[in-house]
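Beneath this line is the structure, given in structure tokens, with notes to follow.
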Amino acid sequence: MNQIQFNNYFAIKNINGDFYLFDMSEYILKKDDNDLMSSFSQSMKDNGFCIIQGFVDKTVIKSKLSKIAQNFSRKNDVRRTGVTKLMRPNFQRLDIGDYAQINARFSRMITQFTWNKDSDFYDEIQDLIKFRNSFLKLEPQNFVYTINGKEYCDLPKFLQYPIGGGFMNRHIDDRGEEFKAPNFLLNLSKQGEDFDSNGVYYVDKNQKLLDLEPILDVGDLYAHDTETPHGVQSIDADKELDIETLCGRFSINLSLEPFIR
Ligand SMILES: [Fe+2]
């Protein structure tokens, strides 16, 4: 056991084995909080990250996940997809390694492009985009955001970190873009139910490693700015690898990307 919770205080085991106390009250908001947007903005400004509990109904997510799992086939995995292109069909990609990627990873993505209305999580992603756009004061025209003379589009994707070692190394999301949009994620799985060990973490401004898994529940939103280091420690690395089924850690990740037409 890596952490003990008492009210909003989490005693968390650091990566070097030390325990420390973490007061989560300033990072955790609830969807029905009064003035949610201003509390969220404050936390992003002060801490670089924030969690909103209960952003999407848990039962809706569970039923969508079982539908995706039923239709899932390993045969649909592709390994290379090229640059982001407007209006392209959704794809399922298996990523192993550090080729053509900024960050080494072992994960699978199923894109959920907003121009494809049959995307599995279409409605939930619309809610996520609406909240993000209201926070950043953005408004797309035909799926395109023009910011400081540059064009971007949404890249919403379903992300799976498989049991048997799924991971993403520690990194920041800054790719040198002038406009620095935070990443917004929706948590779709629960440690202790869908997988047992490891998962997503942030590194706070005091260089403390914050394990998010004991805090996050299915349906919670979590967001971080482009300066907050984060990663996913290998999911159930001691178990047998399974890339044949949809298992392990799941999330929706929403980012803004440059694209070609
Ligand atoms: Fe990232």
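The values are calculated or read from the model by the stated rules, or taken from the named source; none is laboratory data. Note that the structure is a prediction, hence the values are computed from the model and not measured. Cβ coordinates were reconstructed from backbone atoms using ideal geometry, including for glycine residues, and neighbour counts include every protein chain displayed.
Looking at Pro229, Pro214, Pro258, can you tell me which residue is within 14 Å of the ligand (Cβ to nearest atom) and surrounded by fewer than 23 Cβ atoms within 10 Å (Cβ to Cβ)? Spell out the reasoning first.
On the way: Pro214 fails: within 14 Å of the ligand (Cβ to nearest atom); Pro258 fails: within 14 Å of the ligand (Cβ to nearest atom).
That would be Pro229, the only listed residue that is within 14 Å of the ligand (Cβ to nearest atom) and surrounded by fewer than 23 Cβ atoms within 10 Å (Cβ to Cβ).
Quick test of your reading of the structure: Ser43 fulfils all but one of (1) touching a residue at least 40 places away in the same chain (Cβ under 8 Å); (2) surrounded by 15 or more Cβ atoms within 10 Å (Cβ to Cβ). Name the failing condition by number.
Single failed check for Ser43: (1).
Cβ-Cβ below 8 Å, separation at least six or inter-chain, first residue in segment 229-240 and without any contact (Cβ under 8 Å) to a residue 60 or more places away in the chain and over 15 Å from Leu185 (Cβ atoms), second more than 16 Å from the ligand (Cβ to nearest atom) and in a loop (DSSP other than H, G, I, E, B): which pairs?
Asp238/Ser197
Take segment 89-99 and flag every residue that is away from the ligand (no atom under 16 Å from the Cβ), in a loop (DSSP other than H, G, I, E, B) and at pLDDT below 95.
The answer is Tyr99, and nothing else.
How many residues, within segment 139-167, are assigned to a loop (DSSP other than H, G, I, E, B) and crowded, with 17+ Cβ neighbours inside 10 Å? I'd like the intermediate steps shown before the answer.
Narrowing segment 139-167 to residues assigned to a loop (DSSP other than H, G, I, E, B): 139-140, 142-143, 148-149, 162-166.
From what's left, crowded, with 17+ Cβ neighbours inside 10 Å: 162-166.
Qualifying residue count for the region: 5.
Mind checking which pairs have a first residue in segment 169-184 that is more than 21 Å from Lys137 (Cβ to Cβ) and a second that is of a type outside the set (S, T, N, Q) and more than 10 Å from the ligand (Cβ to nearest atom), Cβ under 8 Å, 6 or more apart or different chains?
Asn169/Ala104; Arg170/Val203; Ile172/Glu227
Please give the number of the condition Arg170 fails out of (1) part of a loop (DSSP other than H, G, I, E, B); (2) touching a Pro at 6+ places or on another chain (Cβ under 7 Å).
In the conditions (1) part of a loop (DSSP other than H, G, I, E, B); (2) touching a Pro at 6+ places or on another chain (Cβ under 7 Å), Arg170 misses (1) alone.
Have a look at Thr114, Thr84 and point out the one that is of a type outside the set (A, V, I, L, M), within 16 Å of the ligand (Cβ to nearest atom) and buried (at least 17 other Cβ atoms within 10 Å of the Cβ).
Values: Thr114 fails: within 16 Å of the ligand (Cβ to nearest atom).
Among Thr114, Thr84, only Thr84 is of a type outside the set (A, V, I, L, M), within 16 Å of the ligand (Cβ to nearest atom) and buried (at least 17 other Cβ atoms within 10 Å of the Cβ).
Quick one: would you say Tyr145 is among the hydroxyl-bearing types (Ser, Thr, Tyr) and more than 19 Å from Arg108 (Cα to Cα)? Lay out the reasoning, then the answer.
Details: among the hydroxyl-bearing types (Ser, Thr, Tyr): yes; more than 19 Å from Arg108 (Cα to Cα): yes.
Yes; evaluated as a whole, the condition is true for this residue.
State which residue is nearest to the ligand (Cβ to nearest atom) when the search covers only segment 173-190 and only residues that are among the polar types (S, T, N, Q) and either part of a loop (DSSP other than H, G, I, E, B) or crowded, with 20+ Cβ neighbours inside 10 Å (or both). Reasoning before the result, please.
Step one: filter segment 173-190 for residues among the polar types (S, T, N, Q), giving 183, 187, 189.
When the remaining residues are screened for being either part of a loop (DSSP other than H, G, I, E, B) or crowded, with 20+ Cβ neighbours inside 10 Å (or both), the result is 187, 189.
On the way: Asn187: 15, Ser189: 17 Å.
So, considering only residues that are among the polar types (S, T, N, Q) and either part of a loop (DSSP other than H, G, I, E, B) or crowded, with 20+ Cβ neighbours inside 10 Å (or both), the one nearest to the ligand (Cβ to nearest atom) is Asn187.
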